[in-house]
Amino acid sequence: MDSKIYLSSPHMGGAEQAFVNEAFQTNWVAPLGPNVEGFEKSLESYLGNGTHVAALSSGTAAIHLALILLGVERGDEVLCQSMTFSASANPIVYQGATPVFVDSEPETWNICPDHLEVAIKDRIAKGKKPKAIIAVHLYGMPYKVDAIKKISEKYEIPIVEDSAEALGSSYKGRKCGTFGDISILSFNGNKIITTSGGGALVSRNLKHKEKAIFLATQARDAAPHYQHSEIGYNYRLSNISAGIGRGQMEVLDKHIGSRRKMNQFYHEIFARTEGVKVFSEPTSDFFSNHWLSCILVDKTSCGFSSEAIRLAMAENNIECRPLWKPMHLQPVFKNAPYYGSTVSEKLFGIGLCLPSGSNLKSEEKVKINDVLIRFVDN
Ligand SMILES: Cc1ncc(COP(=O)(O)O)c(C=O)c1O
């Protein structure tokens with residue numbers, strides 16, 4: 001059998017190795033060093049808008065620190081998009097707070113402004129104003145930035161912008177990762193660029209960056225001995241990983257171009273298949289990096305399900321995945337409050353993520369095309 005075609009695998013550009021070698025040669029094999037600062041600077045200039053970046057060990061760590069910086073404590077409530085990866089919500093529980101999940105709207109699949117406002121009003125009426133809103137740009141598609149920001153400002157509840165999947169996406173020409181009171185990025189192995197594992201906290205407030213680095217390096221007070229007045233974490237990115245990140249920054253825009261071409265590739269494959277819709281930007285305000293290309297499959301009009309496509313692809317050693325299962329449907333969050341209808345639940349039922357890597361070879365694309373065309377034609 002041919003080698004497996006993955007949904008999204010690491011794609012090195014070439015310069016990564018040189019940055020890593022330099023770290024070895026200079027013995028900066030530690031969670032600090034010139035690559036960490038170089039990677040942060042490179043992200044700051046890419047994102048623009050006066051952002052400050054703290055490179056961390058994961059996107060999850062970045063969300064955890066963001067919640068701490070926003071003062072989330074035991075007994076608090078935090079609003080969170082239900083349709084997402086569990087890492088968006090888990091840090092709420094690390095803090096002893098309760099997640100309050102909110103449904104998606106059907107255009108961007110992200111947090112619905114209407115349900116968000118209903119949730120805020122109801123939580124306030126029940127006696128507790130939520131401490132933060134975690135909004136996610138799913139699969140690289142920007143959430144409805146203006147509408148969510150308006151609600152955040154009206155109720156004075158800060159936004160943690162989960163841009164783990166959306167580095168290089170933009171809304172009205174401004175980069176995702178610059179919209180939150182605090183934003184986060186992920187450089188996990190499957191993301192648009194990777195450091196093998198890593199993440200970043202982004203804020204326009206320099207104090208957020210400084211405090212995040214302080215907390216991420218065990219919260220050491222300024223003293224010659226080890227002195228601590230706060231609980232710290234070991235969340236800083238290593239200089240080796242940051243070296244990979246510096247190399248990856250050189251090819252980020254190329255990766256975005258390739259992923260967007262993959263999206264176009266699926267548009268062409270399914271152009272004549274009634275009932276299969278490729279996930280696309282709703283208006284020209286939205287620019288997605290198309291980290292993953294996804295489809296919705298309406299069985300009543302095309303006669304097959306998304307699961308049938310997944311199985312046909314799996315038989316040919318091609319990886320596909322259902323969309324993120326909403327958090328309010330997850331056993332671990334079964335007791336968490338939820339506001340919404342069935343939008344995210346329905347998306348989960350009929351959606352599928354397709355191979356989207358920037359490193360897919362032309363023969364792999366031919367194979368994907370052949371398997372899909374054979375499937376829809378039967
Ligand atoms: C939406 C979302 N949030 C958060 C994360 C967490 O990032 P990390 O894996 O770097 O901890 C991920 C990816 O893994 C993600 O897809």
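The values are calculated or read from the model by the stated rules, or taken from the named source; none is laboratory data. Predicted model only: the values in this text are computed from it and were never measured. Methodologically, a virtual Cβ is constructed for each residue, glycine included, from the backbone with ideal geometry; neighbour enumeration extends over all protein chains shown.
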Quiz item: Looking only at the stretch 152-163, which residues are away from the ligand (no atom under 11 Å from the Cβ) and either touching a helix residue (DSSP H, G or I) at 6+ places or on another chain (Cβ under 6 Å) or assigned to a helix (DSSP H, G or I) (or both)?
Solution: Ser152, Glu153, Lys154, Tyr155, Ile159
Exercise. Output yes when any residue across the stretch 106-116 is within 12 Å of the ligand (Cβ to nearest atom), touching a residue at least 24 places away in the same chain (Cβ under 8 Å) and among the hydroxyl-bearing types (Ser, Thr, Tyr), and no when none is.
Key: no
Quiz item: Out of the residues in the stretch 276-301 that are over 22 Å from Asp103 (Cβ atoms), surrounded by 18 or more Cβ atoms within 10 Å (Cβ to Cβ) and over 18 Å from the mean Cα position of the chain (by Cα), which is farthest from the ligand (Cβ to nearest atom)?
Solution: Val276
Quiz item: Can you name the residue in the stretch 346-378 that is within 18 Å of Val278 (Cα to Cα) and of a type in the set (Asp, Glu) and is also surrounded by the most Cβ atoms within 10 Å (Cβ to Cβ) among such residues?
Solution: Asp370
Practice problem: Please indicate, with yes or no, whether at least one residue in the stretch 300-313 is under 22 Å from Gly177 (Cα atoms) and either β-branched (Val, Ile, Thr) or modelled with pLDDT of 95 or more (or both). | Solution: no
Quiz prompt | Of all residues making up the stretch 172-199, the number that are buried (at least 24 other Cβ atoms within 10 Å of the Cβ), more than 9 Å from the ligand (Cβ to nearest atom) and either part of a strand (DSSP E or B) or within 11 Å of the chain's Cα centre (by Cα) (or both) | solution = 5
Exercise. Please give the number of the condition Ala166 fails out of (1) of a type in the set (A, V, I, L, M, F, W, C); (2) surrounded by fewer than 22 Cβ atoms within 10 Å (Cβ to Cβ); (3) outside any helix (DSSP H, G or I).
Key: (2)
Quiz item: Here are some residues: Gly96, Gly71. Which one is under 24 Å from Arg204 (Cβ atoms) and away from the ligand (no atom under 14 Å from the Cβ)?
Solution: Gly71
